[in-house]
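This report concerns only the one structure given below.
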Amino acid sequence: MRTIHAAVARLPGRWARDVHIGIDAGGGIVSIDEGVASRDAERVACLLPGMTNLHSHAFQRALAGLTEVASAGDDDFWSWREWMYRFMARLTPDDVEAIAAQLYVENLRHGYTSIVEFHYLHKDPAGRPYANPAEMSERIVAAARAGGIALTLVPVLYSHGGFGHRPLNEPQRRFATDVDEVLRLLERLQRHGDVRLGVAPHSLRAAEPAQIRALVAAAPAGAPLHIHAAEQTREVEECFAATGRRPLRLLLDEVGLDTRWCVVHATHLADDELRHLAASGAVAGLCPSTEADLGDGVFRFVEFTAAGGRFGIGGDAHVCRSPFEELRLLEYSQRLTHRRRNLALHAPGVAIADALWDAAARGGAQAAGRNAGAIEVGRRADLIAMSIEGADAHDPQRWLSLAVFGGAHAVIERTWVGGHSISGVDAASAQSIADRYAQTIRRLTA
Ligand SMILES: [Zn+2]
């Protein structure tokens, strides 16, 4: 039995003082006592539920900051995607493991305790399976273990190059999968008991509704289901032209959405799509920094949450690795759109940062298929102890607000994943992960 004593802890919807938390050998929270003196326990100042990064393409971490030079043409999501494809074409399994390990360590340092890897890079540069068809997936598993982050791995179904059964283009051959291949991959990955497995039809561009239904029907009961939808206006237009329906409408009608689903981006929603997505209990997987970086558009967050919609946050292309920054961007995008302040989550009297953290941690855990995301008896102990630089003047209950909206740098002092203290990775292994990453980047960018 492990015990933690927090001067303040973020319990569901409120702060509590002098909180004593008991964690059993299985990593579950078994007791929470408030207003008690510190007994024989690990002592921390400010305890929060750890955040889930619910959407990751780990290899894209290596591109962060390198595509920010204007070309002669019109730069948008699609021109960025060409860049990303060229970069990806050379990646080996060693490269992917090195980049992912670095990313996962950075995520842990910034307050994430779990990650959902939306993994579509399965094949070699010629589009052939590796001798071990799960080679790339198992490199992701190894990278997560090296850092200690909890991994939900969702292998991707990617069969078409666009609406109307367009063939895959050359770079996309590395992604090519049909339903049976994804299921065989899942079977091979079952032996990694620490990994939560789900599946991800990439998008309605890359997988058609009949395939998605077949994949969902064959996936293990309760497995998390992830899909990109409505990130781009061009995608919405092409979907409408090919099917007579917008992407979310098509998903709702032809596949059906429920609490197993995470719909990533969902940026461009018609009113009825917004209402029905919110009512479905599915999580909207919002990726504020990537959506801003790629010029996707602004998610209708205020309306979606007013309709009871659930959400979490994802790093996606990893131009940002901090949940504090993602939440700030999310709220600021709404303030700029609506020309109002303090908009998120409609909770008078509640600090916006606190409300955002509560909801995103809970939604993220749902999307990861883990019973975590809140400090509650019965949930998994994925926890962080945070502070901020220059914290002394402020009550620890304000640190989260100061980190999200006050320009204060958040410092993650301790981290527990499944009840195990990982305190970041030890310095020596963090250094070897960083060295290997640097070597990889030097070679890839030479
Ligand atoms: Zn994505």
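The values are calculated or read from the model by the stated rules, or taken from the named source; none is laboratory data. Bear in mind that the values here come from a model prediction, so they are computed numbers and not experimental data. Cβ placement follows ideal geometry from the backbone for every residue including glycine, while neighbour counts extend to all protein chains displayed.
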Give all pairs with beta carbons closer than 6 Å in which a residue from the range 258-272 that is more than 13 Å from GLY309 (Cα to Cα) meets a residue that is polar (S, T, N, Q); count only pairs at least 6 apart in sequence or on separate chains. HIS268/THR233
Note: among ALA176, ALA207, just one is in contact with a Ser or Thr (Cβ under 6 Å, 6 or more places away or on another chain) and either assigned by TED's automatic domain parsing to the domain that holds SER137 or charged (D, E, K, R) (or both), namely ALA207
I need the full set of residues from the range 26-54 which are outside any loop (DSSP other than H, G, I, E, B), crowded, with 20+ Cβ neighbours inside 10 Å and away from the ligand (no atom under 16 Å from the Cβ), in order please. ILE29, VAL44, CYS46, LEU47, LEU48, PRO49, MET51
Name the pairs: first residue in the range 143-163 and within 21 Å of PRO220 (Cβ to Cβ) and touching a residue at least 24 places away in the same chain (Cβ under 8 Å), second residue among the aromatic types (Phe, Trp, Tyr) and in a strand (DSSP E or B), Cβ to Cβ under 6 Å, at least 6 apart or on different chains? VAL154/PHE118
For SER114, which of the numbered conditions (1) small (Gly, Ala, Ser); (2) outside any strand (DSSP E or B); (3) closer than 24 Å to SER421 by Cβ; (4) within 20 Å of the chain's Cα centre (by Cα) fails to hold? (2)
Only one of GLU235, GLU231 is within 16 Å of the ligand (Cβ to nearest atom), assigned to a helix (DSSP H, G or I) and either touching a Cys at 6+ places or on another chain (Cβ under 6 Å) or under 24 Å from GLY309 (Cβ atoms) (or both); which? GLU235
In this structure, does PRO133 turn out to be away from the ligand (no atom under 16 Å from the Cβ) and over 18 Å from THR440 (Cα atoms)? yes
Given GLY308, GLY312, GLY285, which one is in a loop (DSSP other than H, G, I, E, B) and among the small types (Gly, Ala, Ser)? GLY308
Does the range 55-75 contain any residue that is in a strand (DSSP E or B) and of a type outside the set (Val, Ile, Thr)? yes
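For the range 205-225, which positions are touching a helix residue (DSSP H, G or I) at 6+ places or on another chain (Cβ under 7 Å) and within 14 Å of the ligand (Cβ to nearest atom)? Let's see the steps before the verdict.
From the range 205-225, those touching a helix residue (DSSP H, G or I) at 6+ places or on another chain (Cβ under 7 Å) are 205, 209, 211, 214-215, 218, 224-225; that's our starting set.
Once the filter is applied, which keeps residues that are touching a helix residue (DSSP H, G or I) at 6+ places or on another chain (Cβ under 7 Å) and within 14 Å of the ligand (Cβ to nearest atom), the range 205-225 yields only ARG205.
Table: residues versus (1) modelled with pLDDT under 95; (2) closer than 25 Å to PHE311 by Cβ; (3) among the small types (Gly, Ala, Ser).
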| site | (1), (2), (3) |
| --- | --- |
| GLY373 | no, yes, yes |
| GLY390 | yes, no, yes |
| ALA393 | yes, no, yes |
| SER401 | no, yes, yes |
| VAL417 | no, yes, no |
| ILE422 | yes, no, no |
| ASP426 | yes, no, no |
| THR445 | yes, no, no |
Across (1) surrounded by 21 or more Cβ atoms within 10 Å (Cβ to Cβ); (2) out of contact with any helix residue (DSSP H, G or I) (no Cβ under 9 Å at 6 or more places or on another chain), LEU336 clears everything bar (1)
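Residue-wise test of (1) within 16 Å of the ligand (Cβ to nearest atom); (2) assigned to a strand (DSSP E or B).
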{"site": "GLU326", "(1), (2)": "yes, no"}
{"site": "ALA355", "(1), (2)": "no, no"}
{"site": "ALA361", "(1), (2)": "no, no"}
{"site": "VAL404", "(1), (2)": "no, no"}
{"site": "GLY407", "(1), (2)": "no, no"}
{"site": "VAL411", "(1), (2)": "no, yes"}
Could you say which residue among SER71, SER56, SER114 is of a type in the set (S, T, N, Q) and without any contact (Cβ under 8 Å) to a residue 40 or more places away in the chain? SER71
Lone unmet requirement of (1) within 16 Å of the ligand (Cβ to nearest atom); (2) under 20 Å from GLU208 (Cα atoms) for ARG246: (1)
Considering only residues that are within 20 Å of the chain's Cα centre (by Cα) and more than 16 Å from the ligand (Cβ to nearest atom), look in the range 302-318 and name the one that is surrounded by the fewest Cβ atoms within 10 Å (Cβ to Cβ). PHE304
Looking at the range 332-348, can you tell me whether even one residue there is in a loop (DSSP other than H, G, I, E, B), aliphatic (A, V, I, L, M) and in the same structural domain as GLY13 (by TED's automatic domain parsing)? no
When residues of the range 250-267 are limited to those that are within 15 Å of the ligand (Cβ to nearest atom) and assigned to a loop (DSSP other than H, G, I, E, B), the one nearest to TYR332 (Cα to Cα): THR267
